[in-house]
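What follows is calculated from the coordinates using simple rules that are stated; it is not laboratory data. Only a predicted model underlies this, so the values are computations on that prediction, with no experimental measurement involved. Heads up, the Cβs are rebuilt from the backbone with ideal geometry, glycines too, and the neighbour counts pull from every protein chain shown.
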Amino acid sequence: MHANYVEAFVHSDGFGMRRITPMMQLMQSGELRLENQRWRVEDVQMIGIAKHDPPVVHQGGLLKFQHGEQSPAFLPEAAQRPLNAQEVEAVRRLQAGERIVSLPASNALSAAGPIRATADCLRCHQSRKEGDLLGAFVYTLRPVTKP
């Protein structure tokens, strides 16, 4: 699932709305089965690392972490907050090479997955190298209760 979200973010055409639309489509159809329970992706937030020191969490849904070449007036004001202790630990573990990190959550599943630099990413993130951790997606999944 995480690979599909990163693929949609990194390889979609353009920036802004055109970049985010494939991720929103994934979120609308994002169900998976774990241990005979169906789960639905309820929320995706992004931890911004590449352009933020210290890292921040972009909140408020997928449209709030658009980026690209549009004028600042086009992009919505992103709601940001500092990382909490669990997110700091998740970033540390992702930087150490873990592929997915589970996060504590009540009545839900929550996990963080890395966004690592690819050759495509390096066109804009020129101070980085392939494989560097540019950010992470934090997923909240809830059980599907309807048949």
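Laid out as a table, the results:
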read-out: Spin-label model distance (nm) - V144 vs D53, 7 Å beyond Cα toward Cβ; value: 4.4
read-out: Label-point gap, in nm, between E98 and R128 - each point 7 angstrom along Cα→Cβ; value: 2.0
read-out: Modelled FRET efficiency - R0 22 Å, R81 with H2, Cβ distances, 0.05 increments; value: 0.50
